[in-house]
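Below is one structure; the comments refer to it alone.
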Amino acid sequence: MRASVTIETEIGPLTITEADGAIAALDWGARAAQPEPTPLLKEATRQIKAYLAGRLKEFDLPLKPAGSTFQRRVYDAMRAIPYGGVMSYGDLARVTGSAPRAIGGACGSNPLPILVPCHRVVASGKKLGGYSGHGGLSTKRYLLGLEGALLDLR
């Protein structure tokens, strides 16, 4: 079963998609309205809104991001970066036994931004780096600022 719900947020509309009892995608932009959201989509909506309001620091949702074995390993490593913390592409590459460029590619293909916090992956020297989500670097700055991450936001 696949279902989705679109919610309005401070960073624009977000569409949450559930597949087979887990959250499979989080996309910027609105999708066609669907009937009543599932209990999991209601809970995901509650948690995302609480996070964006500064009241939730850790998500407790079943996630099933699509991706290669390598990408899923990077997603797991990103989920281990604590709220308000950051890790450089190079550091994440060392943790996963890969290269910084490969980490950047995995971040760019993350189907669950925010829930799998690719915004917490930054360039060396705590520079902002890139962000492939809607709004690009302004959204990354917003999310890191929400979490109180202290870094050179260039």
Which of the listed residues, THR139, ALA93, SER109, is farthest toward the dipole's positive end in the chain, when Lys, Arg count +1 and Asp, Glu count -1 at the beta-carbon?
ALA93
Surface per residue (accessible, 1.4 Å probe) for region 1-46, Å²:
51 Å²
Compute from the Cα atoms of region 1-97 the Rg and the Dmax, the latter being the longest Cα-Cα distance, and quote both in angstrom.
14.7, 45
In debye, nearest 20, what is the charge dipole magnitude of the chain about its Cα centre with +1 on Lys and Arg Cβ and -1 on Asp and Glu Cβ, if you could check?
440 debye
Förster-model FRET efficiency, 25 Å R0, GLN34 and SER68, C-beta, rounded to 0.05
0.30
Among beta bridges assigned by DSSP with both residues in the chain, the antiparallel ones amount in percent, to the nearest 5, to 75 percent
Expressed as a rounded percentage, what relative contact order does the chain have, with Cα pairs under 8 Å and six or more residues apart?
18 percent
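For TYR83 and HIS134, compute 0.36 nm times the residue count separating them, minus their Cα-Cα distance, and round to one decimal in nm.
Separation in residues times 0.36 nm, less the Cα-Cα distance, equals 16.3 nm.
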Heavy atoms only, probe 1.4 Å: what % of the accessible area of the chain goes to carbon and sulfur, would you let me know?
54 percent
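The values are calculated or read from the model by the stated rules, or taken from the named source; none is laboratory data. Because the structure is a prediction, the values reported are computed rather than measured. Ideal geometry is used to build each Cβ from the backbone, glycine not excepted, and the neighbour counts take in all protein chains shown. Keep in mind that these areas ignore ligands, DNA and RNA; they rest on the heavy atoms of the full protein, side chains included. Shrake-Rupley method; radii C 1.70, N 1.55, O 1.52, S 1.80 Å.
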